[in-house]
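Novice: Right, I'll just put the structure down here and ask away after.
The values are calculated or read from the model by the stated rules, or taken from the named source; none is laboratory data. Treat the numbers as computed from the prediction; the structure is a model and nothing was measured. In this analysis, Cβ positions are derived from the backbone assuming ideal geometry, glycine residues included, and neighbour counts consider all displayed protein chains.
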């Protein structure tokens, strides 16, 4: 999902348990996520930044389920 107001939008993800994390990623992953908004995805990440008011994960890979 995309959160915030233009021009200050950010990518975010809602987990199955309802938690929301902001997403940090490279441009390729960003474009993939933007073009598949609303779909269920499996994200691979390597870091969670808890220093900000909103937790942020650094996504390194994304896979979409074909269901």
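Novice: Whether any residue in the stretch 31-39 is modelled with pLDDT of 90 or more, in a loop (DSSP other than H, G, I, E, B) and exposed (fewer than 12 other Cβ atoms within 10 Å of the Cβ) is what I want to check.
Specialist: For the stretch 31-39, residues modelled with pLDDT of 90 or more, in a loop (DSSP other than H, G, I, E, B) and exposed (fewer than 12 other Cβ atoms within 10 Å of the Cβ): absent.
Novice: Residues in the stretch 16-25 that are within 11 Å of the chain's Cα centre (by Cα) and either more than 18 Å from residue 47 (Cβ to Cβ) or part of a loop (DSSP other than H, G, I, E, B) (or both): how many?
Specialist: 1
Novice: OK, next. Which condition from (1) surrounded by 12 or more Cβ atoms within 10 Å (Cβ to Cβ); (2) part of a strand (DSSP E or B) is the one that residue 63 breaks?
Specialist: Here residue 63 clears every test but (1).
Novice: In the stretch 49-60, which residue that is part of a strand (DSSP E or B) and at pLDDT 85 or above is surrounded by the most Cβ atoms within 10 Å (Cβ to Cβ)?
Specialist: Filtering first and then ranking leaves 59.
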